[in-house]
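**Q** Dropping the structure in here first, questions after.
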Amino acid sequence: MTDAKRARKDRTIRQFTPPLNESPYSERDFSPTVRNACLANKTGTVGLKVSKMIVVGDVSVGKTSLVQRFCHECFDRDYKATIGVDFEVERFDILSVPFNLQIWDTAGQERFRCIAAAYYRGAHVVVIVFDMMDPYSLESVTRWHEEALRENNGQVHLFLVGTKKDLCTKQQYVEAEERGFKMAQQIKAEYWVLSSLTGENVNDFFFRVACITFNEAVSREVQDMELKSKKISVSSGSNLIKLNKPGDLDATLNDGKCSC
């Protein structure tokens with residue numbers, strides 16, 4: 001494995017990252033099935049485990065800054081609107097198994113929404129971002145939520161993320177936190193508050209996403225392998241008549257052991 005393909009040391013995960021707040025997702029640790037499978041190296045082929053994450057929200061709420069802070073450890077104060085969709089891949093090493101998190105950063109402008117919507121399909125995670133300093137961006141969350149679920153039949157993990165915590169006064173933070181938490185409960189999403197400028201909670205958030213999606217992917221793979229194994233076992237145990245020679249069928253019929 002080359003250095004370019006190896007996960008960074010700070011992307012190595014051995015313990016499950018807990019939620020920041022009350023969460024609709026019960027996972028607090030990797031399941032025993034997942035740990036045993038990874039320990040025994042029974043998690044499928046050598047190929048990477050991959051999960052797709054879509055980041056959506058109104059224009060200028062901080063979607064790109066969030067992604068750039070995690071992927072490149074930088075913060076650009078000069079705002080540049082995303083055109084269409086940007087794409088990043090972050091490599092992790094989780095329980096000694098390689099894992100890729102595909103991060104799709106979508107444009108918030110209305111004119112690009114039809115383009116971005118095409119990338120929602122097949123997503124494992126939808127992250128809806130709002131600006132804690134902009135109450136109107138929180139009001140748009142239900143629209144983004146409905147659109148994302150319409151493209152994925154509701155089969156995704158949902159996260160609601162409030163950005164620009166560093167800009168809030170104490171009172172603004174308390175008010176925005178209360179509204180954001182209520183919205184998260186309404187759409188059944190896990191709620192996070194962070195700052196892309198300072199980096200507060202950014203790594204923990206992405207690690208939490210990686211842990212949940214990895215745990216689900218390996219669990220599903222182990223279940224599929226067990227199901228295939230049972231089917232093979234049932235098939236091999238079927239009662240079949242084996243004919244070794246052409247005359248065997250006549251002999252069997254004459255003995256009265258087989259009838260039509």
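**Q** Taking the conditions exactly as written (assigned to a helix (DSSP H, G or I), at pLDDT below 90 and among the aliphatic types (A, V, I, L, M)), does ALA176 satisfy them or not?
**A** No, not satisfied.
**Q** Can you tell me which residue in segment 1-58 is modelled with the lowest pLDDT, limited to those that are part of a strand (DSSP E or B) and within 24 Å of MET225 (Cα to Cα)?
**A** Step by step, filter segment 1-58, then rank; the result is LYS49.
**Q** Condition first: modelled with pLDDT under 95 and buried (at least 17 other Cβ atoms within 10 Å of the Cβ). Now tell me which residues in segment 103-113 satisfy that.
**A** Answer for segment 103-113, where residues must be modelled with pLDDT under 95 and buried (at least 17 other Cβ atoms within 10 Å of the Cβ): TRP104, ASP105, THR106, ALA107, GLY108, PHE112.
**Q** Right, next: Identify, from the list ALA148, ALA176, ALA189, the residue that is free of Cβ contacts under 8 Å to residues at least 60 places away in the same chain, more than 24 Å from ASP78 (Cβ to Cβ) and buried (at least 20 other Cβ atoms within 10 Å of the Cβ).
**A** ALA176
**Q** When segment 85-102 is examined, which residues are found to be farther than 19 Å from PHE207 by Cβ and either at pLDDT 85 or above or in a helix (DSSP H, G or I) (or both)? Outline the logic, then answer.
**A** In the first step, residues of segment 85-102 are kept if they are farther than 19 Å from PHE207 by Cβ; the result is 85-87.
Selection gives ASP86, PHE87.
**Q** Right, next: Test each condition in (1) at pLDDT 95 or above; (2) outside any loop (DSSP other than H, G, I, E, B) for SER195 and report the one that comes out false.
**A** (2)
**Q** Got at least one residue in segment 154-169 being in contact with a Gly (Cβ under 8 Å, 6 or more places away or on another chain), more than 24 Å from PHE70 (Cα to Cα) and modelled with pLDDT under 95?
**A** No, there is no match, as no residue in segment 154-169 is in contact with a Gly (Cβ under 8 Å, 6 or more places away or on another chain), more than 24 Å from PHE70 (Cα to Cα) and modelled with pLDDT under 95.
The values are calculated or read from the model by the stated rules, or taken from the named source; none is laboratory data. Model, not experiment: these values are computed from the prediction. All Cβ positions, even for glycine, are placed from backbone atoms using ideal geometry, and neighbour counts span all protein chains on display.
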